[in-house]
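Asker: This is the structure, below, for whatever I ask next.
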Amino acid sequence: MAANWRDDWKEDLAKMLVWGLIGGLCVAGIVLLLGNGRDFWTVLKPGYDVEYLMENGGAREGMHVTGQVPYVYDCFANLSDFDGKDISGYYYALPTLDGMLILEVPESRYEAMETLWEETWQYMSDGILPASPVPVEGYVTSAKGRLPYLLAEYLRDGLEYSQEEVDAMGEPLMIVYATEKLRRARIYAPVGMILLTSGILLTILYLFLRKRYVEKEIEE
């Protein structure tokens with residue numbers, strides 16, 4: 001009887017370890033996929049060059065954008081314009097053939113964007129092309145909240161567009177700078193797929209072996 005108790009205890013422990021391993025793999029895989037799946041889907045889409053979109057227009061919501069920003073208009077808003085908290089994002093106007101795009105960049109890219117803006121301003125004054133394009137990778141989404149209003153205000157007051165010209169541009173789209181997020185998604189989403197697939201395969205294998213074991217015991 002003592003031997004049977006030890007055998008049952010070992011069997012129960014083995015089951016707990018196996019299901020713990022399988023559960024851990026599945027949970028880790030699901031967490032990584034939920035956290036990076038949308039960005040990974042963006043990465044899988046063909047990348048549209050941001051300079052091409054600026055010169056030819058045609059930006060659409062959901063596009064994957066890559067390349068270098070060759071010139072830029074002023075920063076017309078930052079996050080402090082919305083919630084009064086510490087600034088962590090800046091919004092620039094990008095002129096395009098069919099209107100105006102908004103480029104959202106994090107604080108880490110602020111100095112590079114300001115340098116490009118100064119060179120753009122110099123280009124408009126003396127014709128010297130900007131020498132410091134800013135690399136960008138991200139995606140296109142619709143501008144929400146107060147951003148359309150702030151952009152329209154900047155176009156009217158800062159660039160002297162008429163209200164009719166601003167209205168003709170329609171609802172603005174925004175390129176979200178997401179280089180770091182997309183880089184993480186390229187790594188973590190496939191890892192999540194591997195972990196989840198491993199958990200599923202181990203579950204199938206364990207159930208198959210368990211069935212064989214039970215059938216063998218019945219035969220004996």
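Asker: If you check Val72 against the conditions, is it more than 20 Å from the chain's Cα centre (by Cα) and either under 24 Å from Arg146 (Cα atoms) or loosely packed, with under 13 Cβ neighbours inside 10 Å (or both)?
Answerer: Yes, satisfied.
Asker: Also: Scan segment 202-218 and give yes if some residue there is over 31 Å from the mean Cα position of the chain (by Cα), farther than 22 Å from Gly62 by Cβ, in a loop (DSSP other than H, G, I, E, B) and not basic (Lys, Arg), otherwise no.
Answerer: no
Per-residue answers, yes or no, for (1) modelled with pLDDT of 90 or more; (2) not in a loop (DSSP other than H, G, I, E, B):
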{"residue": "Glu119", "(1), (2)": "yes, yes"}
{"residue": "Met124", "(1), (2)": "no, yes"}
{"residue": "Leu150", "(1), (2)": "yes, yes"}
{"residue": "Leu159", "(1), (2)": "no, no"}
{"residue": "Leu182", "(1), (2)": "yes, yes"}
{"residue": "Ile200", "(1), (2)": "yes, yes"}
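Asker: Separate question: Say whether the condition of being open to solvent by 30 Å² or more (accessible area, probe 1.4 Å), without any contact (Cβ under 8 Å) to a residue 60 or more places away in the chain and over 23 Å from Lys144 (Cβ atoms) is met by at least one residue in segment 56-69.
Answerer: Yes; the residues of segment 56-69 include at least one that is open to solvent by 30 Å² or more (accessible area, probe 1.4 Å), without any contact (Cβ under 8 Å) to a residue 60 or more places away in the chain and over 23 Å from Lys144 (Cβ atoms).
Asker: If you go through segment 91-117 one residue at a time, how many are closer than 18 Å to Thr66 by Cα, of a type outside the set (Phe, Trp, Tyr) and assigned to a strand (DSSP E or B)?
Answerer: Total meeting the criteria: 11.
So that you can scan it fast, the table gives a plain yes or no per residue for (1) open to solvent by 20 Å² or more (accessible area, probe 1.4 Å); (2) not aliphatic (A, V, I, L, M):
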{"position": "Tyr91", "(1), (2)": "no, yes"}
{"position": "Leu103", "(1), (2)": "no, no"}
{"position": "Glu107", "(1), (2)": "yes, yes"}
{"position": "Tyr110", "(1), (2)": "yes, yes"}
{"position": "Tyr123", "(1), (2)": "yes, yes"}
{"position": "Leu129", "(1), (2)": "yes, no"}
{"position": "Val134", "(1), (2)": "no, no"}
{"position": "Tyr139", "(1), (2)": "yes, yes"}
{"position": "Ser142", "(1), (2)": "yes, yes"}
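Asker: Being of a type in the set (Ser, Thr, Tyr) and farther than 17 Å from Glu51 by Cβ is the filter here; which residues of segment 109-151 pass it?
Answerer: Those that are of a type in the set (Ser, Thr, Tyr) and farther than 17 Å from Glu51 by Cβ: Tyr110, Thr115, Ser125, Thr141, Ser142, Tyr149.
Asker: Report, ordered by the first and then the second residue, all pairs with beta carbons closer than 9 Å, sequence separation of six or more or different chains, a first member in segment 30-49 that is under 19 Å from Thr66 (Cα atoms) and at pLDDT below 90, and a second member that is among the small types (Gly, Ala, Ser) and open to solvent by 40 Å² or more (accessible area, probe 1.4 Å).
Answerer: none
Asker: Got a number for residues in segment 161-180 being open to solvent by 100 Å² or more (accessible area, probe 1.4 Å) and outside any helix (DSSP H, G or I)?
Answerer: 1
The values are calculated or read from the model by the stated rules, or taken from the named source; none is laboratory data. Worth saying up front: this structure is predicted, and the values here are computed from it rather than measured. Backbone-built Cβ (ideal geometry, glycine too); neighbour counts: all protein chains shown. All accessible areas refer to the heavy atoms of the entire protein, side chains included, with ligands and DNA or RNA removed. Shrake-Rupley method; radii C 1.70, N 1.55, O 1.52, S 1.80 Å.
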